[in-house]
Every structure is written in C-alpha cells, then in structure tokens.
Amino acid sequence: MPSNSKIKFDRSQALKAAMMVFWKKGYGGASLSDLTEAMGINKPSMYATFGNKEVLFVKATEHYVESVDLVHRQQLLAVESDLPTRLKAYLSSVISGQCCENTPKGCYISLCVSEAEGECIPQTAVAKIKEVSQFAYQALVDVFTHDEEAKQRNLHVDAQLHARFLITFLSGTAAMARAGTGQEALLPLVTQAMKGIGL
C-alpha cells in the first residue's frame, strides 16, 4: 500500500495538472477529458478524490494561490530591501510568471475572473475566484498603508488608488503576455508603472 506522503504527492501533482488546464482553457473550456488526461487519472478516480469539476476548480485555484501567487506576493515582504526594490521585484516576478515558458501565458486569476462575468461558471467557483482576485490588491493596500517607508513617501494617502493602478497594470501585462508579448518587452514597463505612483 502506498504511504501517506506518496498519496499527498500524487494529489498535489494532479492538482497542479488540473491548474494548468484551467489556466490555459478557463473553466468552460476545460473538459473533463482534458482534466483527467492531464491529471493521469480516470473520471471515477477524479470524482472520488476531488469531487466534481466545480470542486476541482476551487481546489486548483487554491493550489495556484499557494504555489504561484503567494510566491510573487512574498517579494513585498522582503523587509531587508527598500520599498522600491521590493515593489519592483514583485511586479517583475508577476510579469515573468505571466511570460513563463513552463506555464500557460498570462494570469490564471485574470483569465478566470473575466470568464466569471460571462455567467458560465458555477456560483461556488465564481465566489472562489473573486475571493482570491482580491489577495494581490489587498497585499498592496496593506504595504502602502502600513509600511513606514510608504508613509514617508506619502503613498498611504492614496493607498487604494495606487494598489488599483498596479493591479490594472498587471492585468494589462497578463493580456499582452497571453497574446504573445514576451517579458523582454513587458519588464521595462515596470519602471514606468512605478513612476506612475511616484517611485
């Protein structure tokens, strides 16, 4: 009988595979056949392990947050660096991820948020994607509001505006990356975005 660690590893790998399918095709475009083929399991095993497609999407989205999105946001918390360095590292990390050759282009969250507005995603899945879509925005608001250097630069005054501007910027780079624009063209825009909030 396989060990518990092996079961957890296989489950994690299956979730990663499902995440990749949803990232590339969205909820509506990802068929059960696409998902089970990528995950290396049959449909009965998928239902037994993860539940239905809606539950799988929720779990895959949580996997994206923990394995991809959180890694980017941790750049904001590198307190040994000054604020401009941290912010540039965060924005650059996100854009590099959007253009990565090893994952679908663009942003999983941006893609699924747009799809959710078309009312073709079940309500539980919509609630999850809308919940996680606020994580990056709130992280930026928190930095601009509470970071001492941000306060010294008066970024706390319009913290929500600055955060919304940068999230809008990253949504734009995600769309451009998905359309084929590479990071060599997108990364230089980070400097312009930072100038847009006074850094």
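The values are calculated or read from the model by the stated rules, or taken from the named source; none is laboratory data. Nothing here was measured: the structure is a model prediction, and the numbers come from that model. As a convention, Cβ positions derive from the backbone with ideal geometry for all residues, glycine included, and neighbour counts pool all protein chains shown. When the accessible area is computed, the model is the full protein with side chains, heavy atoms only, and any ligands, DNA or RNA have been set aside. Shrake-Rupley method; radii C 1.70, N 1.55, O 1.52, S 1.80 Å.
Some observations on this one:
- Counting only protein heavy atoms and a probe of 1.4 Å, the accessible surface of the chain is 54% carbon and sulfur.
- Applying 1/(1 + (r/R0)^6) with R0 = 25 Å to the Cβ-Cβ distance of Y47 and S67 gives a FRET efficiency near 0.60.
- Dividing the convex hull volume of the alpha carbon atoms of the stretch 11-196 by its residue count gives 118 Å³ per residue.
- Nearest 10 degrees, 0 to 90: helix 159-178 Cα axis against the chain principal axis: 50
- Relative contact order (percent, whole number), the stretch 11-196, Cα cutoff 8 Å, 6+ residue spacing: 24
- Taking amide H as placed 1.01 Å from N in the peptide plane, L155 has no amide H partner under 5 Å among residues 5 or more places away or on another chain.
- Phi-based couplings in Hz for the stretch 67-83 (Karplus 6.51, -1.76, 1.60; Gly and Pro marked x): 9, 10, 4, 5, 4, 5, 5, 5, 4, 6, 9, 6, 5, 6, 10, 6, 4
- Rounded to the nearest whole Hz, the Karplus-based 3J(HN,Hα) values (6.51 cos²θ - 1.76 cosθ + 1.60, θ = phi - 60°) of the stretch 56-61 follow the sequence 4, 4, 4, 5, 5, 5, with x at glycine and proline.
- For K43, the lysines whose Cα falls under 29 Å of its own Cα, not counting residues fewer than eight places away in the same chain, are K6, K8, K16, K24, K25, K53, K59, K105, K128, K130.
- A 1.4 Å probe run over the chain, with the rest of the protein chains in place, finds 52 Å² accessible per residue.
- Across the stretch 129-135, computed HN-Hα scalar couplings (Karplus, 6.51 cos²θ - 1.76 cosθ + 1.60, θ = phi - 60°) run 5, 6, 4, 6, 5, 8, 4 Hz from first to last residue, x flagging Gly and Pro.
- Residue separation of K130 and Q192 scaled by 0.36 nm, minus their Cα-Cα distance, works out to 19.5 nm of gained length.
- If you run the Gaussian network model on the chain, springs between alpha carbon atoms under 10 Å, then out of Y47, Y27, Y90 the most flexible one is Y47.
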